[in-house]
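The values are calculated or read from the model by the stated rules, or taken from the named source; none is laboratory data. Only a predicted model underlies this, so the values are computations on that prediction, with no experimental measurement involved. We place every Cβ from the backbone using ideal geometry, glycine too, and count neighbours over all the protein chains shown.
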Amino acid sequence: MSNLLNIAVVGCGGIANGKHLPSLSRLKEVKLVAFCDIVIERARAAADKYGASGAQVYEDYRELLADETIQVVHVCTPNDSHAEIAIAAMEAGKHVMCEKPMAKTAAEARRMVEAAKRTGRKLTIGYNNRFRPDSLHLKQLCEAGELGDIYYAKAHAIRRRAVPTWGVFLDGEKQGGGPLIDIGTHALDLTLWLMNNYEPRAVLGQAFHKLSSRENAANAWGPWDPAKFTVEDSAFGMIVMKNGATIMLESSWALNTLDVKEAKCTLCGTEGGADMEDGLRLNGEKLSRLYKHQVQLDAGGVDFYDGKKESMQDTEMRLWIDALLNDKEPVVTPEQACVVSEILEAIYESARTGKAVYFD
Ligand SMILES: NC(=O)c1ccc[n+]([C@@H]2O[C@H](COP(=O)([O-])OP(=O)(O)OC[C@H]3O[C@@H](n4cnc5c(N)ncnc54)[C@H](O)[C@@H]3O)[C@@H](O)[C@H]2O)c1
């Protein structure tokens, strides 16, 4: 592969403009050559701001995929089209970064894993919270065995009143669910990755539609329309892994609590534990609180993969491009992301049936 990658972005909305495009445009190994959105003005606006000279715009992603000079496609559309576009892109010979969650359903996620294997293309999922300084630091400590055997964990994705009212986040058909699949997915991904445990045995879950029917509710992004709020407002799950390790996953966009924490986890191991918190900083960087034998440790500095200070978005994109250019496994593998999707779907199924879901 040459040292310059031609990249296309499909879906030029919030996450494309908030993460992919600014971070990719800072990398010298990248040329942003094509932009697609069903709302063509959004593709044009992104091409004007971030495109290389001669960049193309498309309304239909299938036309974009016919361009053989494109090597990489970033999928930034709502959840219901992740699998379709990612699989078509890999079949057209492109490597793919797809936004989280991997797909709307676990079956689609499994098809994406299969397509990556069949085509030999690289596939990664946008779990950017792994690339925060505190996450990277904690990962190193977990790998070094500082926490010992992690047998209990909590995955936190709790907002008090922050229901996303733009786009299609409240539309179950497009997204596959509410806060569980939207933000619970980040917290669960982070927790499984830090535990390095991808073997669930059983899941029990519950989902609520308690606050979604409120009219004119106070909300960070303005009141929601109860008629359109068809997904859950909160969901909770207990996940027991094959080795007995247990995870409590909590997710909400609206819950009456002051204990708000998003994309954080608590890890309890035989040798120590860690609580990810906001507001604890060392050299200006967020830190996790680390405990060893109940004594708070000084984390002793924040380590980066290569000692550089950069945002999680820039780190995510830099390591993805590095994986492509140097034929490495991406930090977020499709197999890992697929397990996240399988567990989330099991929580929804358990909530629907009232029964635990067992993995064989
Ligand atoms: N990593 C994160 O933290 C994070 C944050 C926000 C959103 N996301 C994910 O990103 C995805 C998009 O979310 P968003 O907030 O950017 O939504 P958005 O509604 O702002 O943008 C989505 C864009 O995709 C376009 N689109 C829809 N279907 C398309 C298709 N078939 N072909 C081409 N374009 C199409 C829409 O017109 C829109 O411009 C979701 O899967 C979401 O879960 C991830």
Worksheet entry | strands (runs of 3 or more DSSP E) contained in the stretch 114-210 and holding at least 2 residues within 22 Å of residue 320 (Cα to Cα) | 123-125
Discussion item. Being in the same structural domain as residue 227 (by TED's automatic domain parsing) and away from the ligand (no atom under 13 Å from the Cβ) is the requirement here; does residue 162 meet it?
Written reply: no
Worksheet entry | Residue within the stretch 36-48 that is under 18 Å from the mean Cα position of the chain (by Cα), outside any helix (DSSP H, G or I), within 11 Å of the ligand (Cβ to nearest atom) and not aliphatic (A, V, I, L, M) present | no
Worksheet item: Going by the structure shown, is residue 110 of a type outside the set (Ser, Thr, Tyr), assigned to a loop (DSSP other than H, G, I, E, B) and away from the ligand (no atom under 16 Å from the Cβ)?
Response: no
Worksheet item: When residues of the stretch 131-156 are filtered for being under 21 Å from the mean Cα position of the chain (by Cα) and surrounded by fewer than 16 Cβ atoms within 10 Å (Cβ to Cβ), how many remain?
Response: 1
Worksheet entry | Subset of the stretch 9-33 [in contact with a Ser or Thr (Cβ under 9 Å, 6 or more places away or on another chain) and under 16 Å from residue 310 (Cα atoms)] | 23
Worksheet item: Which residues, taken from the stretch 178-201, are over 12 Å from the mean Cα position of the chain (by Cα), surrounded by fewer than 24 Cβ atoms within 10 Å (Cβ to Cβ) and within 12 Å of the ligand (Cβ to nearest atom)?
Response: none
Discussion item. Condition check: buried (at least 20 other Cβ atoms within 10 Å of the Cβ) and either within 18 Å of the chain's Cα centre (by Cα) or over 29 Å from residue 136 (Cα atoms) (or both). Does residue 224 satisfy that?
Written reply: yes
Response to the item:
Restricting attention to the stretch 1-35, the residues that are surrounded by fewer than 24 Cβ atoms within 10 Å (Cβ to Cβ), near the ligand (Cβ under 10 Å from one of its atoms) and not in a loop (DSSP other than H, G, I, E, B) number exactly 5
Worksheet item: Does residue 6 qualify as being in contact with a Ser or Thr (Cβ under 8 Å, 6 or more places away or on another chain) and among the polar types (S, T, N, Q)?
Response: yes
Discussion item. Any residue that is surrounded by fewer than 19 Cβ atoms within 10 Å (Cβ to Cβ), closer than 19 Å to residue 224 by Cα, of a type in the set (Lys, Arg) and under 18 Å from the mean Cα position of the chain (by Cα) - is there at least one of those in the stretch 157-167?
Written reply: no
Discussion item. Just to be sure before I move on: is residue 70 part of a loop (DSSP other than H, G, I, E, B), of a type in the set (A, V, I, L, M) and at pLDDT 95 or above in the structure I sent?
Written reply: yes
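Here's the yes/no breakdown for (1) within 23 Å of residue 145 (Cβ to Cβ); (2) modelled with pLDDT under 95; (3) touching a helix residue (DSSP H, G or I) at 6+ places or on another chain (Cβ under 7 Å):
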site: 278; (1), (2), (3): no, yes, no
site: 282; (1), (2), (3): yes, yes, no
site: 299; (1), (2), (3): yes, yes, yes
site: 303; (1), (2), (3): yes, yes, yes
site: 326; (1), (2), (3): no, no, no
Discussion item. If I go through the stretch 36-56 residue by residue, how many of them are touching a Ser or Thr at 6+ places or on another chain (Cβ under 9 Å) and either exposed (fewer than 15 other Cβ atoms within 10 Å of the Cβ) or over 28 Å from residue 173 (Cα atoms) (or both)?
Written reply: 2
Worksheet, complete the sentence: Within the stretch 201-229, residues touching a residue at least 40 places away in the same chain (Cβ under 8 Å) and at positive phi come out as 222
Fill in: Candidate set from the stretch 57-68 (those that are farther than 16 Å from residue 96 by Cβ and crowded, with 17+ Cβ neighbours inside 10 Å); member that is nearest to the ligand (Cβ to nearest atom)
58
Worksheet, complete the sentence: Residue pairs qualifying under the 7 Å Cβ cut-off, at least six apart or on distinct chains, with the first in the stretch 233-257 being in the same structural domain as residue 223 (by TED's automatic domain parsing) and the second being part of a loop (DSSP other than H, G, I, E, B) and aliphatic (A, V, I, L, M), are 233/211; 234/255; 253/162; 253/163; 254/163; 254/211
Discussion item. Given the condition among the hydrophobic types (A, V, I, L, M, F, W, C), in contact (Cβ under 8 Å) with a residue 40 or more places away in the chain, crowded, with 24+ Cβ neighbours inside 10 Å and away from the ligand (no atom under 13 Å from the Cβ), answer yes or no: does some residue in the stretch 93-102 qualify?
Written reply: no
Worksheet entry | Matching residues in the stretch 113-136 - criterion: being among the small types (Gly, Ala, Ser) and either touching a strand residue (DSSP E or B) at 6+ places or on another chain (Cβ under 6 Å) or away from the ligand (no atom under 16 Å from the Cβ) (or both) | 115, 116, 120
